[in-house]
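Student: Structure incoming, see below.
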Amino acid sequence: MALTTTVIIGLGLLIYAILYFTYGKKLEKEVVKADPNRETPAKRLYDGIDYVPADRPVLFGHHFASIAGAAPIVGPVIAMAWGWLPGLAWIWFGNVLLGAVHDYLSLMASVRYDGRSIQWISGKVMSKRTSLMFQVFIYFVLILVVAAFAAVINSIFVKTPQVATASILFIASALVVGFLMYRTRIGIIPSTAVGLALLLISIWLGFQYPLSLTADTWYVILFVYIIVAASLPVWVLLQPRDYLNAWILWFGLIAGGVALLIVNKEITWPAYTTFSATVVGGKASPFWPVVPLVIACGSLSGFHSIVASGTTSKQLANELHGLTIGYGGMLTEGFLSTLVVTSIAAYGMSLLSQAASKLAEVGIEVAKLSDPTYLGTAYITAMLKSFGKVGIFAQSYGMSWFDAFGVDVKIGTVFAGLWVSAFALTTLDTTNRLARFTWSEIVAEVVKDESARRVLSNRWLASLLAAAIGIGLAKTGNWTIIWPAFGGANQMLAAIALMTSGLWVRNVLAVKGVMRYLVLAPALFLWLTVTLAYVWFIVVVKPSSAVYTIVVIELLLAFMLFYEFGRAVKREVAVPA
């Protein structure tokens, strides 16, 4: 009996539903003890700029669009080099034991500490010096996020100019919706109707007037955009754009999931190719420990802890909304990655066969791709040559729409491209906003002169600094090096954030029994895995000087933070909240 898309998608939905209503609810009631009557920082510290209470669906839209970005799509696309099964197993394993727990606890710990960042909390539960080390670590992570996502967006805009036009018009639509939602009295339902209408018009105009620009021009535009977007009040662009993104998300997930359930398409991609497929920097890359360098999101992501404790916790209106947004958001991202893997597993081999002429230009023989070992060696080159960074997913998604609903493949493909670019843009400017927060915290710790501190922490200057370094790295063009550098930093951040959350659960909430170990033990496994992967990356791949410097600094900081964690674990005395 052949394995089909229906089986994989159905199993994924079942796993996520069971987890949310069992393990998730247990965390909410027995560990965090969420209280709807406890006033959240969004209300208690309201300032109209960063601390602004948001409706649950609006905040879910912001949170999910910010955490998802392109990473839960790009990472699984790359990981197909090992076959569809290893990547999917890592996604589900990470969701169950790591990702959803990490996201929810990071969010709720921040809520209990007045919307403070996860790095500030680490200083509270470990030691004061830990906070500064963690802040520096996170700042470098955010730089790599800007670099990786700017490269992805640039590639999409150059290869699919229809998506570029639609994305720009979509941002303009979000500005209109933000004004309607927060500066008029018409309410959320009419505002939503206007926003969705403008979204459809944006997509139609994208087909009619594709915007073709050079890669360098797009980098300049992205540079200016993220500086401005990261400095505006959240109600102007961030909240309304991410709310509209949520509609794209749900439509894309539901339509894609239903399509794959209906078509019951046979899986033709090999379940397993080879343990050491050619993935990172053109080198033979062992699945373990290298996988967290590639699947940077979808399984779990440290970046989520920055979003959860950086912007989301400042907008949470009710503690009971936390499980839906934090825990549910991670499971939703996991399902997105499941959708990506399943789509390519069903349609990817057919698409590679259709690209025979392009593949011949780089010496790849299509007839040999049916051999799993050869596919594991040639896939990354074939994918980048024929489809760009996410094109093989976009086209697989479009083909599933055609088979299920009879929709033209090009429409489904462009929609998938808009889907990826919309989330990537959200992550890009949210990252720059978070980099601004982090930079200000570092300056506050290091610079003692008040006037100098005020100048250096200026929101426009702080936004410009992160954007300049990140875009500069992206423009180097060495994407197969930048992506795993970002992935490793992101996963190491997840390990350290999970350690911080585990200490909060153990020493502040004073949780006893097995629940405290269900947080700490996976955190230690992840730290070990990413440490070994980073060492492999430095020794085998030998990245360029700029990336090498960042990776070495991150690795040294990770060891220092692990030492502080060990010292904190030895303390049995609860840390005051």
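Student: Distance cut-off 21 Å, Cα to Cα: go down the list K43/K128; K283/K542; K128/K448 and report the pairs above it.
Tutor: Working: K43/K128 28 Å; K283/K542 10 Å; K128/K448 17 Å.
Pairs exceeding 21 Å: K43/K128.
Student: With viscosity set to 0.890 mPa s and temperature to 25 °C, compute the Stokes-Einstein D of the stretch 484-577, Rh being the Kirkwood radius across alpha carbon pairs; µm²/s, no decimals.
Tutor: Numbers: Rh = 14.2 Å.
Using the Kirkwood radius from Cα pairs, D works out to 173 µm²/s.
Student: Please give me the summed charge of the neighbours of G329: other residues whose Cβ is under 13 Å from its Cβ, Lys and Arg +1, Asp and Glu -1.
Tutor: Values: positive: R56; negative: D103, D242, E333.
For residues surrounding G329, the net value is -2.
Student: Rounded to the nearest 20 debye, what is the charge dipole size of the stretch 196-331 about its Cα centre when +1 sits on each Lys and Arg Cβ and -1 on each Asp and Glu Cβ? Mind dumping the intermediate values first?
Tutor: Values: 4 positive and 4 negative charges, 16 e Å.
Roughly 80 debye for the stretch 196-331.
Student: Trypsin sites (Lys or Arg not before Pro), restricted to the stretch 121-192: which are DSSP loop and have at most 14 other Cβ atoms within 10 Å?
Tutor: Values: sites: K124, K128, R129, K159, R183, R185; in loops: R185.
Taking the stretch 121-192 and a limit of 14 other Cβ atoms within 10 Å, the loop trypsin sites (Lys or Arg not before Pro) found are R185.
Student: Can you give me the pair-distance distribution of the chain, C-alpha pairs, 10 Å bins, whole percents?
Tutor: Spelled out per bin, shortest first, that is 4, 19, 31, 28, 15, 4, 0, 0.
Student: Using per-residue counts of other Cβ atoms within 10 Å, averaged over each peptide, order 14-24, 301-311 from highest down. Working shown, then result.
Tutor: Details: 14-24: 15.1, 301-311: 29.5.
Taking the mean over residues of other Cβ atoms within 10 Å, the ranking is 301-311, 14-24.
Student: Hey, what number do you get for the chain at 222 nm if only DSSP H runs of n ≥ 4 count, each worth -39500 (n - 2.57), divided across all residues, to the nearest 500? Before the final figure, lay out each step's value.
Tutor: Details: 24 runs with 404 residues, N = 577.
That calculation yields -23500 deg cm²/dmol at 222 nm.
Student: Rounded, prolate or oblate, given the Cα gyration tensor of the stretch 36-150, with a/c below 1.5 counting as rounded?
Tutor: Working: a/c = 1.89, a/b = 1.53, b/c = 1.23.
It comes out prolate by the Cα gyration axes.
Student: Report the FRET efficiency, 1/(1 + (r/R0)^6), for R453 and L211, where r is their Cβ-Cβ distance and R0 is 35 Å, rounded to 0.05.
Tutor: Numbers: r = 41 Å, r/R0 = 1.18.
Rounded to the nearest 0.05, the efficiency is 0.25.
Student: Let me understand the stretch 487-537 better: what is its radius of gyration from the alpha carbons, and its Dmax, in angstrom?
Tutor: Every Cα atom of the stretch 487-537 included, Rg and Dmax give 12.1, 38 Å.
Student: Taking the mean number of other Cβ atoms within 10 Å as a proxy for protection, how do you rank 256-264, 78-86 from highest to lowest? Kindly include the intermediate steps, with their values, before the conclusion.
Tutor: Numbers: 256-264: 20.0, 78-86: 24.9.
Ranking the peptides 256-264, 78-86 by packing returns 78-86, 256-264.
Student: Give me the distance between the Cα centres of the stretch 503-562 and the stretch 13-59, rounded to whole Å.
Tutor: Each part's Cα centre sits 26 Å from the other's.
Student: Still on this structure, please answer the following. Sort the following peptides by mean Cβ neighbour count (other Cβ atoms within 10 Å, averaged over residues), highest first: 319-328, 147-156. Walk me through the numbers before you get to the answer.
Tutor: Working: 319-328: 23.8, 147-156: 27.1.
Packing proxy ranking, top to bottom: 147-156, 319-328.
Student: Can you list the residues, at least 5 places off or on another chain, whose amide H is less than 5 Å from the amide H of A277, using H built in the peptide plane?
Tutor: S285, F287
Student: Taking θ as phi - 60°, what are the ³J(HN,Hα) couplings along the stretch 225-231 by the Karplus curve (6.51, -1.76, 1.60), each to the nearest whole Hz, with x for Gly and Pro?
Tutor: Taking θ as phi minus 60°, the curve returns 4, 6, 5, 5, 4, 6, 9 Hz for the stretch 225-231.
Student: Filter the cross-link list K314/K570; K124/K570; K26/K265; K29/K124; K25/K389 down to pairs whose alpha-carbon distance in this structure exceeds 27 Å.
Tutor: In this structure, K314/K570; K26/K265; K25/K389 exceed 27 Å between Cα atoms.
Student: If you average the C-alpha positions of the stretch 202-236 and of the stretch 314-370 separately, how far apart do those two centres end up, in angstrom?
Tutor: 24 Å
Student: When the solvent-accessible surface of protein heavy atoms is calculated with a 1.4 angstrom probe, in what order do K368, K314, K33, K265 fall, highest first?
Tutor: Details: K368 95, K314 25, K33 130, K265 70 Å².
Greatest to least solvent exposure: K33, K368, K265, K314.
The values are calculated or read from the model by the stated rules, or taken from the named source; none is laboratory data. Given the structure is predicted, the values throughout are model-derived calculations rather than measurements. Glycine gets a Cβ as well: all are built from the backbone with ideal geometry, and neighbour counts include every protein chain shown. Keep in mind that these areas ignore ligands, DNA and RNA; they rest on the heavy atoms of the full protein, side chains included. Shrake-Rupley method; radii C 1.70, N 1.55, O 1.52, S 1.80 Å.
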